[in-house]
Amino acid sequence: MSALTSAEWQALLLSLHVGILSVLASLPFAIGLAWLLSRKRFPGRMLVEALMFLPLTLPPVVTGYALLVLFGRHGWIGEWLDTLGIVFAFRWTGAVLAACVMGFPLLVISIRVAFDQVDQRLERAAETLGASAWRRFFTIVLPLSSRGIIAGCVLAFARAFGEFGATITFVSSIPGETRTLSIAIYELMNMPGGEAGVARLTWVAFAIALAATLVAAGLGGSLWGRRRHD
């Protein structure tokens, strides 16, 4: 198999860039929502969970269209952001936003499972010793949930890395700007003589996805195994 072309390297690096940034941008919000769903009971909780799962159940193209309506230059939010110089539509930042939305449910689910498995008796014991809520969270909950958080980050990255439908609908395909690996594969499939490029990029995507899945499965397996012995 021949080496990747410069355009293929560009698409690969952009996908890695988008995937990593999407996880970093989503993580604080995912931790907050996962803690809320794990520890609190509140009106509308079921609605929040349903909305969180929408990106997994809606066709990705619909999610991309919704992002365009909300964050396009003339969208409900995008028009206001444009006055601040923040643009998402047809920019690499929009690809990151689309990846954030598509990977967010997987990130929240993994972190919430990890939070659920923390023995709350430890938190109550720390509370009786005078530890504040923030201190209990950072010294007990987060450390004991680290495997689940990392597994969630890996799964969210893998989902973001392979994102196609929402991305192409929201930011189109602009070489060097929004043309990610998945979009590059799609375009090569529709290009005469593009079979070799499709094969190269498919193997690269398969290798990265498999590595990410194995890491997440290893971390998740250790976490679930510990739960069975608690």
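Kindly provide the set of residues from the stretch 182-212 that are in a loop (DSSP other than H, G, I, E, B) and open to solvent by less than 40 Å² (accessible area, probe 1.4 Å), ordered by number.
Result: Gly194, single match.
Filter the stretch 82-122 for residues that are hydrophobic (A, V, I, L, M, F, W, C) and over 17 Å from Thr167 (Cα atoms) and give the result.
Leu84, Ile86, Leu106, Leu107, Val108, Ile109, Ile111, Val113, Ala114, Phe115, Val118, Leu122
List the pairs whose first member sits in the stretch 1-30 and is farther than 18 Å from Thr167 by Cα, whose second member is among the aliphatic types (A, V, I, L, M) and surrounded by 14 or more Cβ atoms within 10 Å (Cβ to Cβ), and whose Cβ atoms are under 6 Å apart, counting only residues at least 6 apart or on separate chains?
Ala30/Leu107; Ala30/Val108; Ala30/Ile111
What about Ala50, is it hydrophobic (A, V, I, L, M, F, W, C) and at pLDDT 95 or above?
So Ala50 does not fit the description; no.
Please verify whether Val61 is touching an Asp or Glu at 6+ places or on another chain (Cβ under 9 Å) and aliphatic (A, V, I, L, M), treating the condition exactly as stated.
No.
Could you tell me which residue of the stretch 70-89 is nearest to Leu54 (Cα to Cα), considering only residues that are part of a helix (DSSP H, G or I) and open to solvent by less than 50 Å² (accessible area, probe 1.4 Å)?
So, considering only residues that are part of a helix (DSSP H, G or I) and open to solvent by less than 50 Å² (accessible area, probe 1.4 Å), the one nearest to Leu54 (Cα to Cα) is Phe71.
Suppose we filter the stretch 56-69 for residues that are without any contact (Cβ under 8 Å) to a residue 12 or more places away in the chain, under 20 Å from the mean Cα position of the chain (by Cα) and part of a helix (DSSP H, G or I); how many remain?
3
Taking the stretch 126-146 as the search range and keeping residues that are open to solvent by less than 50 Å² (accessible area, probe 1.4 Å) and of a type in the set (A, V, I, L, M), which one is modelled with the lowest pLDDT?
My answer is Ala131.
Return the residue satisfying two criteria in turn: it lies in the stretch 165-179 and is part of a loop (DSSP other than H, G, I, E, B) and open to solvent by 10 Å² or more (accessible area, probe 1.4 Å), and of such residues it is nearest to Gly72 (Cα to Cα).
Ser172
Of everything in the stretch 128-162 that's closer than 16 Å to Leu214 by Cα and among the charged types (D, E, K, R), which residue is nearest to the chain's Cα centre (by Cα)?
So the residue we want is Arg159.
Scanning the stretch 1-55 for residues that are within 14 Å of the chain's Cα centre (by Cα) and among the β-branched types (Val, Ile, Thr), which turns out most open to solvent (accessible area, probe 1.4 Å)?
Out of the qualifying residues, it is Ile20.
Is the stretch 117-128 home to any residue that is within 16 Å of Leu54 (Cβ to Cβ) and touching a residue at least 12 places away in the same chain (Cβ under 8 Å)?
No, that holds for no residue.
The values are calculated or read from the model by the stated rules, or taken from the named source; none is laboratory data. Computed from a prediction, not measured in an experiment: that's the story for all the values here. Backbone-built Cβ (ideal geometry, glycine too); neighbour counts: all protein chains shown. Protein only, heavy atoms only, side chains kept; ligands, DNA and RNA dropped before computing areas. Shrake-Rupley method; radii C 1.70, N 1.55, O 1.52, S 1.80 Å.
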